[in-house]
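Taking it in order: structure first as structure tokens, then the write-up.
Taken together, the values in this text are just the output of simple stated rules run on the coordinates, not laboratory data. Keep in mind that this is a model prediction, so the values were computed, not measured. Note: ideal-geometry Cβ built from the backbone for every residue, glycine included; neighbour counts use all protein chains shown.
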Amino acid sequence: MARVFSGIQPSGEMHIGNWLGAIKNYVALQDGNDCLYCVVDQHAITGAYDAASLTRRTQEMAIGLLAAGVDPSRAVLFVQSHVPQHATLAWLLATIAPLGELERMTQFKDKSDRLESIPAGLLTYPILMAADILLYRAERVPVGEDQLQHLELTREIARRWNATFAADAAYLPEPQPILSPARRIIGLDGQAKMSKSLGNTIGVMESPEEIWQKLRPAMTDPARVLRTDPGTPEVCNVYALHKHFSPPEVVEEVAANCRSAGWGCIDCKKVLAANMASTLAPMRERGLALASRPAEVAQVLGDGARTARTMAAETLAEVSDRMGFLPEAK
Ligand code: TYM
């Protein structure tokens, strides 16, 4: 049984990139592993953000995770800010985290390039992520490809901490990523990674009508201008999405009809929209039902936070002891 940890930001809606890239693995890993899943609200404040909606977004992401199949009887589901040890460990790890590596993180460079004044929290974001994982001494971390660099830094931080403070050399395990076949889902613009901040997403809770409204204008093979132009499925993001939502025989049919111009892009999108809507329907139903039972969701998160705090306190006590802090008298 391995310890598994992962986190997701409460960015408003769980989109199909999150779901295919990571959340399906959260659910699968619950069989036979010891899993903790966290809504990382403290990560969601590292850029300009809307404080008024953070509470609602956090609740919605917790509902999204439950609707996707995170099962509180098999996994600990909690909110990061309910477990103060995350921020404490992040500070301790900040004292050994290499500044040069932090400055080289792709996400930091992308985000800071667009800012005039860069908050320090944007730079130290990966240290908090390392703390999230190492606090539970997790060995496996289901994530999408965009988090691999942060995970490599987590491994480096664990190595440094062990080398400096752990006589047995491995008190903090070096976590391994668990990738899904959908390691990087491209957004509806057909270009950038699917991401809430780019507005190129489809949410897992969207209605069939909303799914269709978003898919209809989605980018396809740019070389296919006229209905009668034959297309190249391999360069089309709608085709890529079919592979995740349509059965194999339909994927073949799509490719053949694209190459022969038997179908236009709209025909192809209609099939995708229907398959996507039916794949997501059970999640949407569970999500809507949970949204009408907020007390139940709060209870799950409360129980999760209590369990997580107990586990976190144990690691933090050990880490503090090894770093030489005076324990408080009982
Ligand atoms: P976040 O909130 O951006 O995304 C949550 C998860 O979804 C994956 N993902 C994708 N996978 C494939 N294609 C996409 N277009 C796509 N977009 C998102 C992400 O890789 C991620 O697994 N820093 C993290 C949150 C975090 C965390 C952690 C993760 C904080 N602490 C500890 C793991 C362990 C983030 O911003 O993910």
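I want to make sure I understand the PRE zone here: with the label point 7 angstrom from the Cα of Ile96 toward its beta carbon, which residues in the stretch 132-156 have backbone N atoms less than 12 Å away?
The answer is 155-156.
7 Å from Cα along Cα→Cβ at both Asp321 and Ala167: what's the point-to-point distance in nm?
1.2
Compare the peptides 166-172, 42-48 by average per-residue count of other Cβ atoms within 10 angstrom and give them in order, highest first.
42-48, 166-172
Which value in nm describes the separation of the simple spin-label points at Gln176 and Lys109, placed 7 Å from the Cα toward the beta carbon?
2.9
Quote the charge dipole size of the chain about the Cα centre in Debye, to the nearest 20; the model charges only the Cβ of Lys and Arg (+1) and of Asp and Glu (-1).
200
From the phi of every residue in the stretch 171-181, what ³J(HN,Hα) in whole Hz does the Karplus formula 6.51 cos²θ - 1.76 cosθ + 1.60 yield, where θ is phi - 60° and glycine or proline is x?
Result, rounded to whole Hz: 4, 9, x, 7, x, 9, x, 10, 9, 9, x.
Whole-Hz Karplus ³J(HN,Hα) for the stretch 87-92, in order, using 6.51 cos²θ - 1.76 cosθ + 1.60 and θ = phi - 60°, x for Gly and Pro?
Values per residue, Gly and Pro as x: 5, 5, 5, 4, 5, 4 Hz.
Could you check the spin-label model distance between Ser197 and Glu234? Points 7 Å from the Cα along Cα→Cβ, value in nm.
Computed distance between label sites Ser197 and Glu234 equals 3.3 nm.
Need the full-extension length gain, Arg306 to Ser260, defined as separation in residues times 0.36 nm minus the C-alpha distance. One decimal, nm.
So the extension gain works out to 10.7 nm.
Using Cα pairs under 8 angstrom and six or more residues apart, how large is the relative contact order of the stretch 205-288, in percent?
38
Could you state, as a whole-number percent, how many of the C-alpha pairs of the stretch 205-288 are farther apart than 19 Å?
Value for the stretch 205-288: 35 percent of Cα pairs lie more than 19 Å apart.
Tell me the relative contact order for the chain as a rounded percent, counting alpha carbon contacts under 8 Å between residues six or more apart.
22
What Rg and what Dmax come out for the chain when only alpha-carbon atoms are used, in angstroms?
My reading of the Cα-based Rg and Dmax gives 21.6, 79 Å.
What ranking, highest mean first, results for peptides 316-329, 184-197, 68-81, 132-145 when packing means the other Cβ atoms within 10 Å averaged over each residue?
132-145, 68-81, 184-197, 316-329
Whole-Hz ³J(HN,Hα) for each residue in the stretch 29-36, computed from phi via Karplus 6.51 cos²θ - 1.76 cosθ + 1.60 with θ = phi - 60°, x for glycine and proline: what do you get?
Using θ = phi - 60°, the values come out as 6, 5, 6, x, 10, 9, 10, 10 Hz.
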